[in-house]
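All of the numbers you see were taken from the coordinates with simple rules; none came from a lab. All values reported here derive from a predicted model rather than from experimental measurement. When we count neighbours, we look across all protein chains shown, and the Cβ atoms used for this are built from the backbone with ideal geometry, even at glycine.
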Amino acid sequence: MTRMRLTTPRDDAPPLPTIDMTADLASAELPNPILTASGCAAAGKELDQFFDITTLGAIVTKSVMARPRSGRATPRMAETPSGMLNSIGLQGPGIDSFIDNDLAWLRERGARTVVSIAGGSVEEYARLAARLRLVEGITAIEVNISCPNVESRGQVFACDPIAASEVIAAVRRSTMPGVPVFAKLSPDVTDIVSIAEAVVAAGADGLSMINTLLGMVIDTDTMRPALAGVTGGLSGPAIRPVAVRCVWQVHQAMPDVPILGMGGIKSGLDALEFILAGASAVSVGTTVFHDPSAPARIRDELARALADRGFTSVREAVGFAHRGHEPQPAHAGPAEDVLGEPVDIEGGLEAGAEG
Amino acid sequence: MAVQVRGEVLDIRRAGAYHVLSMVAPGIAEHARPGHFVALGVGGDDTSMLLRRAFSIYRTEQRGVYGGTLEIVFSVNGRGTAWLADRVRHDPIDIVGPLGRPFVLPVEPVSCVLIGGGYGAAPLFTLAEKLRDRGCRVDFVLGASSEDRVFGALDGKRISQAIAITTEDGSLGERGRVTDVLPKVIERSDASVLYSCGPMGMLEAVATMAQQYGIHSQCAVEESMACGVGVCMTCVMPVIGDDGQTRMVRSCVEGPVFRGDRVRWSDVGTVPDDCVGSPVWAESGAMSAGESTSTGSASRGAL
C-alpha cells in the first residue's frame, strides 16, 4: 500500500548502453573518462562510502605539499549562485604521510590515482615529484600551479609562462618517463593558450583545465569579506562556460595535447560538453559536495548521452564540436533526431574562438 | 558508514520559532546514534544552491510504516532553510547520513547534565533516553534568547530528573544564560559529565565550567560545512590531539562531538601559531610531532 517511492537514484536507471568508454590521459589509458577533481574528493576514502571508487577513471587526490600544512583560517567557504568560493589554503598532511596513508590506502583499494602536487617553489615541486618517483602505481601527476589560495598572489605560477614552464620542466625531469605529467592551468590569465603552449614546450604531457577563478563575497550583514582569507576560488556550474571556452581554445590551438577538463560538471551532458570541446577526460569537482555519488552517476549518464548521439566510443567524441561540417558521428543511427538539421556554423566557430 | 538516499517528507510542523521536519530516511534512521547528523540537499534537482545543509538528528523511528524515519529541527535563516520550511508531505528530499561521530556514553551509571542552546538542544533528547537506559541520572538545562526559542522543554521535563530553563529576556524560566544556573545544577546532581550542543560561545562556557569542576564534557559543534562527508575541508577547527599537538581537524568527520577540553575554543576561526602545519610552525622547523593532520579518535576519548 505504500505510495512512497523510496529508491536511490541508481536503482531505477535503465541498463547502460554498450560503448567503449576508454579514455586517454596521454600515455595512461583509463577505463572511462570520469575522474574526481583535486581538492573535492580528499584521497577517495570518504567517497568510497557512496560508490565504488575503483569504477572511476581515476581519483585525483587533493594537492599535496612537501610538509604538513594547516591551511587558512575559517570561514573558508561561501555559497554563491550555482557555485561556491573556497579558501582552504592547501591544507594537507605533507608528502610523507600522504604516501604512507592515503596512497597506500588507494593502492590497497585498487583505485587508479592521479596525484596532485603543489609547491611554493620550483625546488619543492621537483622534490615532490622525486619523492613520488619511488612510489609505484601512480597513473599520472597533476601539477597544481594555479591554486589561488596562496599567501602571495604573485606566486601563482600558472599566471606567468616562464615560471609555469620552470615548474613543469622540473617535475617532468623528476618523474618516471612512463608517468604522464599534467599541468593544471588557471583561467585568470589574459591568454590561456600562450600559457598552455609554454608548459607543453616545457614537457607537460597534458593539461588540466581549469582551476578556480579568483573571487570574493562581502557579507552585507557584517559588511566585511565573507571569507577569512578575503578572496577565494570560485567553482561550480557558474564557471562552466569559462572552462569550456578554455578547453575549446587550447584544443583548437593544440589538438594533439590531451586535456583533462573540469569546471562545474554536474551531469553527463556537462561532461559531454567538455569532451566535445576537446577534453579527453573530465574531473567532477564541486558537485561532489552537493551529491557525493555524482561521479558514478555522471559516468553512466555520459555513456547514455554518447550512445544517444550515435557515438560508439569516448575517443571519437573528443573535440567533435570543432568539426564544423560533420553533422553526426560516422556510426550515427538515431543521432539525427538529437542533433537536428545540420547547420553551417563555421562563422559561429570563428566568432566563438575569438570571443 | 554513511549513505545517500532519496527520502521523502512525512511532516513539517512549527515548534515555537523553529520548524521540525520529519522524513523517511531508510538506511539512515536505523543506524543513527545521538550526536550523528544528516546533510540535506536543498533547492531541488536544478538548484543553484550547491552546498548541503547539515542538521543534527532530533529523533529517529526505526520501524515506521515506510521504513526508518528521522526528524531535524531548524530555524529559517537563509534561502536553503526557507526552502526546507516550504516542503510539504511527500516531497522528495536528498539525505546523506548518518554523519560524524556521536556522543560517547559513560560506562558507569553516572550523573549527567545535558545543556542545549536554542534548537541546538535537538540531539540531546535521544541522548537522554540512552543515558537513562544505562541508569544515569539526567538533568537538563535549556537556554535561548526568548521563550519561543527554547526547544524541547516538555521532552526535557518528561525524561529528566530535573530541568532548568533560562531565557535572556526572562520570558521563560530564569532570566540569564545557561551558565548562570549550571553550577547549581552540577552541584545538585553531582554531575560527572556535561553534554552540550548549541552556539560556539555557549559550548566554550560549558567546556570551561566542566574543567573548573574537574568533570568531562562532550560538546557537539555547529561549524558551517560544504559537504558534511569529509572531503571539502571547510569545517575545520583547532583541536588538541592525544599527543598534545593542535591540528586543524574536520568537524564533520572527527566531530561534531568533541571533548570540551580538547577544542581550542578561543582560537576557533583562526589557525593558532603552534598548530601543526601553520606558517609559524613551519618556520620554527618543528618536525618532531607526528606529521599527521588527523587526530584519529584522540580528541573524543572515553568516559
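Worth pointing out:
- Estimated vicinal HN-Hα couplings, Hz - the stretch A:14-29 in sequence order (Karplus 6.51, -1.76, 1.60; Gly, Pro = x): x, x, 6, x, 7, 8, 7, 8, 3, 10, 10, 10, 6, 7, 8, 9
- Mean projected area (nm²) of the alpha-carbon convex hull when chain A is viewed from all directions: 20.3 nm²
- Local electrostatic count at B:ARG175 - Lys and Arg +1, Asp and Glu -1, tallied over other residues with Cβ under 10 Å: -3
- Gaussian network model of chain B, Cα within-10 Å springs - most flexible of B:MET225, B:MET233, B:MET248: B:MET233
- Considering all different alpha carbon pairs of the protein assembly as shown, the Kirkwood hydrodynamic radius works out to 26.1 Å.
- With at most 14 neighbouring Cβ atoms within 10 Å, loop GluC sites (Glu not before Pro) (DSSP) excluded, longest segment of chain A: A:152-355
- For peptide A:228-237, the mean count of partner chain Cβ atoms within 10 Å of a residue's Cβ comes to 1.
- Count of Lys pairs (Cα-Cα under 30 Å; at least 8 positions apart or interchain) in the protein assembly as shown: 9
- Taking each DSSP H run with n ≥ 4 as -39500 (n - 2.57) and averaging over every residue of the protein assembly as shown yields -7000 deg cm²/dmol at 222 nm.
- The GluC sites (Glu not before Pro) of the stretch B:114-182 meeting both criteria, a DSSP state outside H, G, I, E and B (loop) and at most 14 other C-beta atoms within 10 angstrom of the site's C-beta, are B:GLU168.
- Relative contact order of chain B, defined on C-alpha pairs under 8 angstrom at six or more residues apart (%): 16 percent
- Using a 4.7 Å Cβ-Cβ cutoff, the cysteines of chain B lacking any partner cysteine are B:CYS112, B:CYS136, B:CYS197, B:CYS219, B:CYS235, B:CYS252, B:CYS275.
- Under the criterion of Cα pairs below 8 Å and six or more residues apart, the relative contact order for chain A equals 18 percent.
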